[in-house]
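Chemist: The structure under discussion is supplied below as structure tokens; questions concerning it will follow.
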């Protein structure tokens, strides 16, 4: 009886720790992929042909002008 209980505990413990190891490995793998993707995106953002979009007051994304930050994009109302 005690041997059977010890065997069940050993089997379930092995399964539990195996599943934890698998989940930890996958979690690390996804973190590595996310890090590589972020580094790639940051490199691509520095390229000269990339346009950065800013959300306008009406909620539409439009190209932002780095030289005219804080201005009204030439749409001044008289």
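The values are calculated or read from the model by the stated rules, or taken from the named source; none is laboratory data. Everything numeric here is computed off the predicted structure, so don't read it as measured data. Quick reminder, even Gly has a Cβ in these numbers, built from the backbone with ideal geometry, and neighbours come from all protein chains shown.
Chemist: State whether the residues of the stretch 2-13 include one that is touching a strand residue (DSSP E or B) at 6+ places or on another chain (Cβ under 7 Å), surrounded by fewer than 10 Cβ atoms within 10 Å (Cβ to Cβ) and either at pLDDT 90 or above or not in a helix (DSSP H, G or I) (or both).
Modeler: Within the stretch 2-13 (the criterion being touching a strand residue (DSSP E or B) at 6+ places or on another chain (Cβ under 7 Å), surrounded by fewer than 10 Cβ atoms within 10 Å (Cβ to Cβ) and either at pLDDT 90 or above or not in a helix (DSSP H, G or I) (or both)), the answer is no, since none of the residues qualifies.
Chemist: Looking at the stretch 26-62, which of its residues are surrounded by 10 or more Cβ atoms within 10 Å (Cβ to Cβ) and either at pLDDT below 85 or in contact with a strand residue (DSSP E or B) (Cβ under 8 Å, 6 or more places away or on another chain) (or both)?
Modeler: Within the stretch 26-62, 52, 53, 54, 55, 56, 61, 62 meet the criteria.
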